[in-house]
């Protein structure tokens, strides 16, 4: 597990200083590695100058820090195929087991970036939808207040709430993730206060009313609580079972179409 040097909110000057001190580096040494003057580094560490993105990326690499220290991207509109590709590579570079074979050279992304980008999409490859709770299970130190505020600004609190609920259910059944339970419960509670009443979908936009009716009948209590049309459940996630090699139980196929995790997989 990573030490909690950086939180999901992005690297601050104080956290840059903490990482330097933990490594036993002088300001002069780090300044040389970062390509800045010692005076400028001192201003960043003291909070008098913001930490530029290039410095965050370099420091994260220099000190072997968790990807939660990486800079956050501004929200942007992306084509569905581009979202799938970005999310696939982002997950692979963060070490998601199901996509390790797809990994290509490139920079890692902050897990919060990937999660909010994915939740903003109306249609994702099912393998990618399955991976979203893993981002909450693998990386800790989420700043609940900032995380919830970002989700609310994009009207994603219900989708995020359901993702947190899935992650919590996995943590309850898999000892590997048991240490994440308390933080996930707090995050879920903070999202509860902003739960939206409108019905929404999760990972797939269903326009067919027959499919919507089927999903209302077969969704989990968590999906119903978060007003989402989805048949995704913890037992469908490939990392939910503590025994490696166990095949996830897939949901039954709805009339007139594939279920969310049983669609054609590229």
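The values are calculated or read from the model by the stated rules, or taken from the named source; none is laboratory data. This is a predicted model, so every value here is computed, not measured. Every residue, glycine as well, gets a Cβ built from its backbone with ideal geometry; the counts of neighbours run over all protein chains shown.
What the table shows:
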read-out: Residue check for residue 54: part of a helix (DSSP H, G or I), free of Cβ contacts under 8 Å to residues at least 24 places away in the same chain, within 23 Å of residue 108 (Cα to Cα) and out of contact with any helix residue (DSSP H, G or I) (no Cβ under 8 Å at 6 or more places or on another chain); value: yes
read-out: Test for residue 232: is it in contact with a helix residue (DSSP H, G or I) (Cβ under 6 Å, 6 or more places away or on another chain) and either within 24 Å of residue 94 (Cα to Cα) or crowded, with 21+ Cβ neighbours inside 10 Å (or both); value: no
read-out: Test result for residue 158, assigned by TED's automatic domain parsing to the domain that holds residue 84 and within 19 Å of residue 219 (Cα to Cα); value: yes
read-out: Residue satisfying all of: in the range 211-227; touching a strand residue (DSSP E or B) at 6+ places or on another chain (Cβ under 9 Å) and free of Cβ contacts under 8 Å to residues at least 24 places away in the same chain; surrounded by the most Cβ atoms within 10 Å (Cβ to Cβ) among these; value: 219
read-out: Criterion violated by residue 208 - all others in (1) within 17 Å of residue 115 (Cβ to Cβ); (2) touching a residue at least 24 places away in the same chain (Cβ under 8 Å); (3) out of contact with any helix residue (DSSP H, G or I) (no Cβ under 8 Å at 6 or more places or on another chain) satisfied; value: (1)
read-out: Residue that is farthest from residue 79 (Cα to Cα) [pool: residues in the range 117-134 that are part of a helix (DSSP H, G or I) and out of contact with any helix residue (DSSP H, G or I) (no Cβ under 6 Å at 6 or more places or on another chain)]; value: 134
